[in-house]
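In what follows, a structure is listed as structure tokens, so that the remarks can point back to it.
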Amino acid sequence: MGLFSKKIEIKSPIKGKLVDVTDVKDEAFSSKALGEGMAVIPEEGKVYSPVDGEVITTVNTNHAIGLLSKGVEILIHIGMDTVKLGGKHFKCYVKEGDKIKAGALLIEFDKEEIEKEYDITSPIIIPNFSELKSLNKTEHRDVSINDVIMTISK
């Protein structure tokens, strides 16, 4: 660890199957227009903090949350087009400005209900990845919330 290099580990916020963001069936995510990252096909309806940091964005529909950790922005978006649910089937436990620890429960969602209408694949995006030195992704596999899915050098 030199003076100029910081490594930040991003853990999986959701238990499930890890895939690359380019595999997401939504052009805004798969084209990386919103940022570089991974996605999880959830096994359960809980989103945990993947880092120690701060909540910088919440939305009134509770389907997405933005976090900041050591200068790295992390956007967790639950499912595709789920903004159309207007908050139904989602419950958020934090608010903007909250300091959080890795593993803290952020959002619960009714996976079975949402899956009836929407693709539940949930991107974990680094919107400011162009400011970073490197972003290394782990291989596709089943992940639990303590598993590192990306390592970032800043």
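The values are calculated or read from the model by the stated rules, or taken from the named source; none is laboratory data. Being a predicted model, the structure only gives us computed values, none of them experimental. Glycine also receives a Cβ, built like all others from the backbone with ideal geometry; neighbour counts cover every protein chain displayed.
Only one residue in 41, 114 is aliphatic (A, V, I, L, M), closer than 26 Å to residue 141 by Cβ and touching a His at 6+ places or on another chain (Cβ under 7 Å). Which one? Quick ask: steps written out before the conclusion?
Values: 41 fails: touching a His at 6+ places or on another chain (Cβ under 7 Å).
Just a single option satisfies the conditions, and that option is 114.
Considering the range 13-34 alone, what residues qualify as being of a type in the set (A, V, I, L, M) and touching a Phe, Trp or Tyr at 6+ places or on another chain (Cβ under 6 Å)? Before the answer, list the steps.
The first filter runs over the range 13-34 and keeps only residues of a type in the set (A, V, I, L, M), leaving 14, 18-19, 21, 24, 28, 33-34.
Correct list: 21 only.
Could you list, in sequence order, all residues of the range 43-53 that are under 17 Å from residue 10 (Cα atoms) and either touching a residue at least 60 places away in the same chain (Cβ under 8 Å) or crowded, with 16+ Cβ neighbours inside 10 Å (or both)?
The answer is 46, 47, 48, 49, 50, 51, 53.
So in the range 132-154, with the set limited to residues that are touching a residue at least 60 places away in the same chain (Cβ under 8 Å), over 15 Å from the mean Cα position of the chain (by Cα) and more than 14 Å from residue 18 (Cβ to Cβ), which one is surrounded by the most Cβ atoms within 10 Å (Cβ to Cβ)? Only one residue fits best here, namely 132.
Would you confirm, using the coordinates I've provided, whether residue 131 is under 15 Å from residue 36 (Cα atoms), of a type in the set (Asp, Glu) and at pLDDT below 95? Let's see the steps before the verdict.
On the way: under 15 Å from residue 36 (Cα atoms): yes; of a type in the set (Asp, Glu): yes; at pLDDT below 95: yes.
For residue 131, the condition - under 15 Å from residue 36 (Cα atoms), of a type in the set (Asp, Glu) and at pLDDT below 95 - is met.
Among the aliphatic types (A, V, I, L, M), out of contact with any strand residue (DSSP E or B) (no Cβ under 6 Å at 6 or more places or on another chain) and touching a residue at least 24 places away in the same chain (Cβ under 8 Å): which single residue out of 120, 114 fits that description? First the steps, then the outcome.
Values: 120 fails: out of contact with any strand residue (DSSP E or B) (no Cβ under 6 Å at 6 or more places or on another chain).
Selected residue: 114, the only one of 120, 114 that is among the aliphatic types (A, V, I, L, M), out of contact with any strand residue (DSSP E or B) (no Cβ under 6 Å at 6 or more places or on another chain) and touching a residue at least 24 places away in the same chain (Cβ under 8 Å).
Would you check if there is a residue in the range 105-115 being of a type outside the set (Val, Ile, Thr), part of a loop (DSSP other than H, G, I, E, B) and either modelled with pLDDT of 95 or more or touching a Phe, Trp or Tyr at 6+ places or on another chain (Cβ under 8 Å) (or both)? Scanning the range 105-115 turns up at least one residue that is of a type outside the set (Val, Ile, Thr), part of a loop (DSSP other than H, G, I, E, B) and either modelled with pLDDT of 95 or more or touching a Phe, Trp or Tyr at 6+ places or on another chain (Cβ under 8 Å) (or both).
Report, by residue number, each residue of the range 104-148 that is hydrophobic (A, V, I, L, M, F, W, C), out of contact with any helix residue (DSSP H, G or I) (no Cβ under 7 Å at 6 or more places or on another chain) and within 28 Å of residue 84 (Cα to Cα).
Start the filter on the range 104-148 by keeping residues that are hydrophobic (A, V, I, L, M, F, W, C), which leaves 104-107, 109, 114, 120, 124-126, 129, 132, 135, 143, 145, 148.
Next, only the ones that are out of contact with any helix residue (DSSP H, G or I) (no Cβ under 7 Å at 6 or more places or on another chain) stay: 104-107, 109, 124, 126, 129, 132, 143, 145, 148.
Within the range 104-148, 104, 105, 106, 107, 109, 124, 126, 129, 143, 145 qualify.
Of the strands (runs of 3 or more DSSP E) entirely within the range 11-89, those holding at least 2 residues that are small (Gly, Ala, Ser) and at pLDDT 95 or above occupy 36-42, 64-69.
Among the residues making up the range 32-42, a single one is without any contact (Cβ under 8 Å) to a residue 12 or more places away in the chain and among the hydrophobic types (A, V, I, L, M, F, W, C): 33. Restricted to the range 57-76, and to residues there that are within 13 Å of the chain's Cα centre (by Cα) and surrounded by fewer than 18 Cβ atoms within 10 Å (Cβ to Cβ), the residue that is farthest from residue 102 (Cα to Cα) is 57.
From the list 84, 111, 88, the lone residue that is surrounded by fewer than 17 Cβ atoms within 10 Å (Cβ to Cβ) and farther than 19 Å from residue 28 by Cα is 88.
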